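Structure, as structure tokens:
Since every read-out is calculated from the coordinates, none of them should be taken as a lab result. Everything numeric in this text was worked out from a predicted model, so none of it was measured. When we count neighbours, we look across all protein chains shown, and the Cβ atoms used for this are built from the backbone with ideal geometry, even at glycine.
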Amino acid sequence: MADVPLAARMRPRTFEEFVGQSHLVGPGKALTELLEGGHLPSIVLWGPAGTGKTTLAYLLAEAVGAELQQLSAVSSGVADARKIMAQAKGGLFRTVLFVDEVHRWSKAQQDVLLPAVEEGTVTLIGATTENPYFSLVTPLLSRSILLRLEPLTPEDVGALLRRALADEDRGLARQKVQATDEALDHLVEIAGGDARIALTGLEAAVLSARSAGEDVLTLERAADAVQKKAIVYDRQGDAHYDVISAFIKSIRGSDPDAALFWLARMLEAGEDARFIARRMVVHASEDIGLADPRALLVAVAAAQAVEYVGLPEARLNLAEAAIYLARAPKSNSVLVSLGKATEDALSSDPVPLHLKEPGHPSLRKLGYGKDYRYPHDFPGHRVDQEYLPARFSGRRYYEPSDQGEEAGGAGTSPPAAPSV
């Protein structure tokens, strides 16, 4: 038992011991009412690591008297699932098939589960940290109830740590080490809502204190045992898209502090700096544009710095660019105008003859380039003539905003020109 990690030893054995997810479990909650009626439909548990997905699967199966068979999608496949489903057909007890990390199975592998779930041969409980609307096949989702698990609150994590310290059978009470409130607060902060990280950190800190002959777990000892805060971030998953979205929206909202916050989270989590830089280059034209044309130069310079300097030094270049972009005046006129132009450009209208290039005398006889007016031959190097197909004559796509250098629109758009 001592060789089993504390997080596994302290896994709740009853719903009374289960901590967190009060929106799902508890008096009057839908999941509790289902169980009280003896019903357990197929379920997809979606939430961050360490929030109780595996524990909840075991408790749900036990609550309805079912036999739970667990598979990890990381190390198992279709053959394993088919074996369990075949056994379930002739079994005396109801079978719950729990597939951890179910999003790691391909869509074809997920499809194998459909007949057994449809027929009720097994009750599926799938656990995933990824957005199931993108990672699971639609037929599987339509046959399941989707339950979203939230990160544990600091109060929840603190309660788990104190329970582990006081438990003599499964916990750390036999180590006879008391923990200060500051030490526990540090472990709670480090965990970031992940019970497994919190309990693993507590075990390491307590054993470290005991090895040093100390009977009090201090903040210093806890910080020494668990030095780096866990960042919930998956470069291929939801966090990758959610955090970059928050980063760009913070810049768009002209909040440099929030932009720095999300930038720091990405960098600390090991996000590809080139990906961050590319997004800023896009943002510079999409949300700032001609309100501050220098924003694009700054963003491109940051991207070049990432390639030339690399991390960790390029963190400063990215931060400088993020602050500049956040403080810059905002305009989406480039985005809007391109969208309008694209709608018309999809037409099949030919290029007007006077704009075509007469690269051969025979083409000139056909009217190529006829009546074209060379702007440099006119005052101000500008002349009124039609540059659009006749059907779109006078159409305006670019409308200057009233922000930054676009304000007033002086010299930004030629007047409507008559057809030539």
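For a quick check: with amide H placed at 1.01 Å from N, whose amide H comes under 5 Å from Gly126's, ignoring anything fewer than 5 positions away on the same chain?
Answer set, sorted by chain and number: Ile43, Val44, Leu45, Val99.
Could you calculate the contour length gain from Leu353 to Leu146, that is, 0.36 nm times the residue separation minus the distance between their Cα atoms, to one decimal place in nm? Numbers along the way, then the final one.
Working: separation 207, 0.36 × 207 = 74.52 nm, distance 6.06 nm.
Once the chain is fully extended between Leu353 and Leu146, it gains 68.5 nm.
Can you compute the modelled spin-label distance between Leu114 and Thr32, with each label point 7 Å from Cα toward Cβ, in nm?
Reported label-point gap for Leu114 and Thr32 is 3.7 nm.
So for the range 21-148, averaging the separation of alpha carbon pairs under 8 Å that are six or more residues apart and normalising by length, what relative contact order in percent results?
Reported as a whole number, the value is 34 percent.
Which FRET efficiency, nearest 0.05, do Val78 and Leu316 yield, Cβ-Cβ r, R0 41 Å?
On the way: r = 49 Å, r/R0 = 1.21.
About 0.25, to the nearest 0.05.
Given the options Glu150, Glu271, Glu182, state which has the largest fluctuation in a GNM of the chain using a 10 Å cut-off (strictly under) for Cα springs.
Between Glu150, Glu271, Glu182, it is Glu182 that shows the largest mean-square fluctuation.
Name the residues whose placed amide hydrogens come within less than 5 Å of the amide hydrogen of Gly369, ignoring near sequence neighbours (fewer than 5 apart) on the same chain.
When sequence neighbours closer than 5 places are left aside, the close amide H contacts are His354, Leu355, Lys356.
Could you please rank Ile190, Ile244, placing first whichever residue has the fewest other Cβ atoms within 10 Å of its Cβ? Mind showing how you got there, number by number?
Values: Ile190 21, Ile244 17.
The fewest-first ordering by Cβ neighbours comes to Ile244, Ile190.
Before rounding to the nearest 500, sum -39500 (n - 2.57) across all DSSP H runs of length at least 4 in the chain and divide by the residue total; then give [θ] at 222 nm in deg cm²/dmol. Intermediate values should be presented prior to the final figure.
Working: 19 runs with 188 residues, N = 420.
The helix-only estimate for the chain comes to -13000 deg cm²/dmol at 222 nm.
Using the Karplus curve 6.51 cos²θ - 1.76 cosθ + 1.60 with θ = phi - 60°, work out ³J(HN,Hα) for each residue of the range 106-115 in order, rounded to whole Hz, and write x for Gly and Pro.
Calculated HN-Hα couplings, in order: 5, 4, 5, 5, 5, 4, 4, 6, 4, x Hz.
Round to a whole angstrom and tell me the spacing of the C-alpha centers of the range 20-72 and the range 268-321.
Rounded to whole Å, the Cα centres lie 45 Å apart.
What order do you get for 198-204, 371-377, 28-34, 98-104 when each peptide is scored by the mean count of other beta carbon atoms within 10 Å, highest first?
Highest to lowest by the protection proxy: 198-204, 98-104, 28-34, 371-377.
Do you know the relative contact order of the chain, to the nearest whole percent, from alpha carbon pairs under 8 angstrom that are 6+ apart?
Details: 608 pairs, mean separation 46.2, N = 420.
So the answer I get is 11 percent.
Can you compute the FRET efficiency between Ala223 and Val300 using 1/(1 + (r/R0)^6), with r the Cβ-Cβ distance and R0 = 30 Å? Round to the nearest 0.05.
That gives a FRET efficiency of 0.15.
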